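Only one structure is covered here, and it is reproduced in the block below.
Nothing in this text is a laboratory measurement; each read-out follows from the coordinates by a stated rule. Fair warning: this is a prediction, and the values are worked out from it, not measured in the lab. In this analysis, Cβ positions are derived from the backbone assuming ideal geometry, glycine residues included, and neighbour counts consider all displayed protein chains.
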């Protein structure tokens with residue numbers, strides 16, 4: 001008797017859970033866009049009466065969660081490689097939501113603004129330029145009085161999309177970096193100390209005179225960290241701002257949006273920038289998901305690339321998608337199906 | 001069923017659960033590290049390469065093992081004199097006085113401070129001091145980590161020592177005093193021989209704590225994947241690299257990290273076994 005009561009109670013709880021989950025969308029992944037996602041999802045919840053939960057567990061975790069089909073969408077700062085796409089149980093699509101940049105911050109008392117070329121930047125992180133008094137730095141920055149001080153390189157110690165973007169850039173612009181270190185979420189750093197997370201790196205830089213390191217723009221812009229001007233592909237020295245980050249996406253983009261925007265050829269582009277993506281299955285009928293659930297997921301993501309949500313991106317210090325990319329994202333969303341039928345019109 | 005039988009069963013099942021959990025941990029660690037074990041074999045233990053670059057992935061644990069042992073041993077070396085003196089102070093010299101109870105409480109309080117607080121204190125106070133002293137350009141490294149670890153493990157090293165020192169029979173001490181022994185002689189010839197095994201056990205407990213500490217060390221060690229070449233050079237530890245890289249790792253890297261966790265488990269088990277052996281031999 002008692003057992004059956006418990007059983008009934010459990011069943012009704014499960015039924016209740018199902019009912020709620022019809023309007024409840026869950027996602028997990030990248031921590032880089034989390035402040036933007038939190039703000040956007042909260043706004044969406046108020047407007048559309050759908051509950052959205054997002055777990056910032058890292059891009060790798062987001063991809064794993066989607067692979068295990070325990071979330072409606074994953075989020076990643078790095079697009080899936082062809083190998084990773086093959087390892088997924090079903091085809092997926094990438095939807096870019098905004099872009100961010102990596103800024104180069106430094107601690108040199110008395111020095112306001114420095115300029116760096118890709119070669120000098122790579123040489124510092126390779127340990128080839130070890131003192132601020134180096135002729136290459138002085139030649140590049142006439143008028144700046146560099147101290148005779150050892151350079152302390154600070155990098156991320158945890159696996160990170162920020163590191164991926166930064167090392168991808170160095171790999172593209174420097175042959176020695178390409179052959180000696182390469183790109184990835186964690187790499188084998190030739191020099192420097194590691195600190196955990198953007199706050200860790202920023203803290204270590206603040207604390208150490210003569211240090212230089214890279215920080216994700218979402219943190220650097222919010223904290224108004226001073227940063228170096230980096231020479232872009234067109235030869236211009238560009239300050240990292242929301243506008244110059246956004247400009248990096250104005251070049252040619254492949255149909256599936258899987259591209260690193262680093263070293264963009266756009267003349268006003270900041271060169272160390274990239275998209276962040278939401279990833280979903282191309283056919284939404286899996287794991288007994290209802291059509292309503294699939295539709296709610298798609299509507300949310302469609303809203304994320306709308307002008308309203310993109311405005312929130314700027315407010316939270318991310319760069320909005322250029323109009324062309326937002327249109328591309330909307331087009332991709334309209335190829336997503338439920339049992340072969342298109343979901344969004 | 002009488003209450004005795006019920007109690008017996010409850011106790012049996014709860015201890016069974018503990019064994020099952022430990023076994024499940026070892027099993028899942030072993031299963032997760034299989035790809036790495038089959039790829040690197042014994043080389044994993046003696047290679048100091050940790051290269052996660054796609055295409056040339058190569059993982060070895062040596063630099064993390066060295067970093068872990070180096071920081072923990074150094075921490076123990078710093079902590080033992082501190083803990084030893086504190087124990088004698090609290091449990092013998094000023095036993096029962098207000099001062100002793102204040103000191104005792106403060107030491108116990110150290111154990112309750114979250115490691116993030118130690119990490120932040122080291123980051124903002126200790127690192128600048130090391131830089132100011134001209135010992136290293138940025139303050140992070142083996143020495144800074146070991147110093148923080150030493151402070152963190154002092155309460156573990158003292159609490160058990162206090163109890164064992166306090167448990168030395170008064171009769172023995174009084175007999176020694178009656179024979180004209182000084183306080184130092186009483187400590188040397190009566191208290192230490194009696195309390196030796198308990199004190200050793202507490203130091204081993206503290207050492208185990210130092211090996212597993214993650215957060216504070218991550219913030220202070222510098223996280224450089226190379227074998228430290230000096231007291232003030234940066235390095236990395238097993239717990240620290242797992243905490244740093246697990247979130248975004250996949251494939252072979254994930255497997256190598258899990259194998260590191262398995263190694264950490266084995267090393268901790270060995271240290272505990274050594275501790276038990278020493279206690280048994282001395283006691």
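Spacing of the modelled spin labels on residue A:88 and residue A:268, each 7 Å from Cα toward Cβ, amounts to 3.3 nm. Residues in region B:207-231, backbone N under 14 Å from the label point at residue B:120 (7 Å along the Cα-to-beta-carbon vector): list them, ranges by number please. Output list for this probe position: B:216. Taking 37 °C and 0.692 mPa s as conditions, region B:130-283 diffuses translationally at an estimated 179 µm²/s according to Stokes-Einstein applied to its Kirkwood radius (Cα pairs).
Taking the longest Cα principal axis of chain A as reference, the axis of helix A:323-333 is set at about 30 degrees. Label point of residue B:46 set 7 angstrom out along Cα-Cβ; within region B:66-88, amide nitrogens under 16 Å from it belong to B:66.
With the radius of gyration and the Kirkwood radius both derived from the Cα set of chain B, what is their ratio Rg to Rh? Reported Rg/Rh (Cα atoms, Kirkwood Rh): 1.06. Computed over region B:1-121, the convex hull of the alpha-carbon atoms projects to a mean area of 14.9 nm².
Applying 1/(1 + (r/R0)^6) with R0 = 56 Å to the Cβ-Cβ distance of residue B:177 and residue B:16 gives a FRET efficiency near 0.65. In angstrom, the C-alpha Rg and Dmax of region B:84-123 are 12.8, 37.
At a Förster radius of 22 Å, what calculated FRET efficiency corresponds to the Cβ-Cβ distance of residue B:250 and residue A:53, to the nearest 0.05? Don't skip to the answer; put the middle values down first.
On the way: r = 23 Å, r/R0 = 1.07.
Efficiency, from the Cβ-Cβ distance: 0.40.
The ellipsoid that matches the Cα gyration tensor of chain A has semi-axes, each √(5λ) in whole angstrom, of 42, 21, 18, with the longest given first. Here each label is just a point 7 Å from Cα along the line to Cβ, and for residue B:30 and residue A:38 those points are 4.2 nm apart.
Between residue A:256 and residue A:128, the FRET efficiency from the beta-carbon distance, with R0 = 35 Å, is close to 0.40.
In this simple spin-label model, placing a label point 7 Å from the Cα along the Cα-to-Cβ direction at both residue B:39 and residue A:323 gives a separation of 4.7 nm. Taking only the C-alpha atoms of the protein assembly as shown, the Rg (one decimal) and the largest Cα-Cα distance, Dmax (whole number), read 29.1, 100 Å. Region B:204-270 gives an Rg/Rh value of 0.98, both radii derived from C-alpha positions and Rh following Kirkwood.
Cα centroid distance between region B:15-79 and region A:277-303, in Å? Cα centres, region B:15-79 to region A:277-303: 40 Å.
Helix A:34-48 and the long axis of chain A differ in direction by around 30°, with both axes built from C-alpha atoms. Over the C-alpha trace of region A:295-345, radius of gyration and Dmax come out as 12.1, 38 angstrom. A straight line joining the Cα centroids of region A:165-215 and region B:178-256 runs 29 Å. Compared with the dominant Cα axis of chain A, that is its longest principal axis, helix A:161-173 is turned about 50°.
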